Amino acid sequence: MTEDDPIASGSLPVAARSPAKCILFGEHAVVRGGPELVAAIDLHTQVGVARGPSTHLNGDPDASRTNAYLREALARHWEGGESLAIRSTSRIPKASGLGSSAAFTASLLAALGSARGGVGRADLAARAYQTERGAQGVGSPGDTSAVVAGGYISINAEGSEALWSVAGEDTAWTVRRVSDPGWIWVVAYSGIPRSTAEAVRAVGRRLAEPDGPKLLERFRQVALEGIGAVTREDRDRTGALLTENQALLREVGVSHPRLEALIDAAIPTSLGAKLTGAGAGGSIVALPRPGRELETARRIASAGGLPFVVRVEPRGVRIVESR
Ligand code: PMV
């Protein structure tokens, strides 16, 4: 289990590799303390850190000013440190709802943590959340916890022993391991980038309306049932709940005609599908009928999406090179 597996002390140069993530149930509601189910998936970002004459990211000398994630990470966890040549390579489409920023942040912080004597998983999850939050101004620790823990995790749901808890200003989130049913998923990017912060603020306004508490309660119910269905390895029920969760996301205004078109394309060969992440663009996730994964991916591609057939990545962020 990766949670017992700290990032070991190492020295520069060092590289760390993090999975992407896919939210299966409960995005947006999780920002208000609702339950969520997130999986780490096998698309990765790798960040290499070496000493350099001046700090740059992929050759860009302004990045420590213009890239908010890099700026926050260095300010919080590399105070007084030497200049760094940082190189990031990724298969995760940017601003797609698949966790590119969480994977970059976790990889960078794991590499910096290793160079500064090592760091435990719970600490790393807290650091990654605070850094992402500092960069975005809003959000929950769901994405960052998933890429640090690997596998499936639940947030704010009962179940196995807690891996860690993360406290925000007025919300707390407890992260637990959920067992992996071994299913294959299809995620697909719509090609429409969007801002997580804007989508979160728009949903905040929608949930402040009189029916907000009722809507939040429905998000809660669907997510808790979804966590139960995955735990029982009940594929049909999980699919039906994905589609129910999508109806709620549509109701709070974060779907998009392109996402609906991709979902429509996936449904005939899938048990269920929904947007994943903040929405308003970004990506969808579908649970294909067993054996129909490629057909699902092809159908989504014909509808204009960029599909990935993915498995859940059991390993969270880890050091891949150290000398
Ligand atoms: O779209 P992403 O990958 O930034 O995911 C956002 C998920 C939200 O629940 C909308 C926000 C959050 O931080 O949990």
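The values are calculated or read from the model by the stated rules, or taken from the named source; none is laboratory data. Predicted model, so just to flag it, every value in this text is computed and none were measured. Backbone-built Cβ (ideal geometry, glycine too); neighbour counts: all protein chains shown. For accessibility, only protein heavy atoms count, side chains too; no ligands or nucleic acids. Shrake-Rupley method; radii C 1.70, N 1.55, O 1.52, S 1.80 Å.
List of remarks:
- In percent, rounded to a whole number, the relative contact order of segment 185-310 is 39, using alpha-carbon pairs under 8 Å and six or more apart.
- In segment 131-164, the GluC sites (Glu not before Pro) that fall in loop regions by DSSP, at most 11 other Cβ within 10 Å: 158, 161
- Residues whose amide H lies under 5 Å from that of residue 42, counting only those 5 or more places away or on a different chain, are 311, 313; hydrogens are built 1.01 Å from N in the peptide plane.
- Residue 221-residue 58 pseudo-label distance in nm [points 7 Å out on the Cα-to-Cβ vector]: 4.4
- Label-zone membership for segment 14-50, site residue 172, 7 angstrom Cα→C-beta point, backbone N under 14 Å: 33
- Distribution of pairwise C-alpha distances over segment 14-180, 10 Å bins, in %: 11, 42, 33, 12, 1
- Per residue, the solvent-accessible area of segment 185-310 (1.4 Å probe, heavy atoms of protein chains only, all protein chains present) comes to 42 Å².
- Expressed as a whole percent, the accessible surface of the chain that belongs to carbon and sulfur atoms is 49, based on a 1.4 Å probe.
- Under a model in which nothing but the beta-carbon of Lys, Arg (+1) and Asp, Glu (-1) is charged, segment 185-310 shows a dipole of about 180 debye around its Cα centre.
- Per-residue [θ]222 nm for the chain (sum of -39500 (n - 2.57) over DSSP H runs n ≥ 4, rounded to 500): -12000 deg cm²/dmol
- Diffusion constant of the chain at 37 °C, which comes from Stokes-Einstein with the Kirkwood Cα-pair radius and 0.692 mPa s, µm²/s: 169
- Using the Cβ-Cβ distance between residue 66 and residue 198 with R0 = 22 Å, the FRET efficiency computed as 1/(1 + (r/R0)^6) comes to roughly 0.70.
- Restricting the trypsin sites (Lys or Arg not before Pro) of segment 1-96 to loop positions (DSSP other than H, G, I, E, B) with no more than 13 neighbouring Cβ atoms within 10 Å leaves 94.
- A 1.4 Å probe over all protein chains sorts 250, 292 by accessible area into 250, 292, starting with the largest.
- Extended-chain gain in nm, criterion 0.36 nm per residue less alpha-carbon gap, residue 306 and residue 320: 2.2 nm
- Dipole magnitude for the chain: computed about the Cα centre from +1 point charges on Lys and Arg Cβ and -1 point charges on Asp and Glu Cβ, it is near 600 debye.
- Taking every alpha-carbon pair under 8 Å whose residues sit at least 6 apart, the chain reaches a relative contact order of 26 percent.
- Restricting segment 6-105 to GluC sites (Glu not before Pro) that sit in a DSSP loop and have at most 16 other Cβ atoms within 10 Å of their own Cβ leaves 79, 82.
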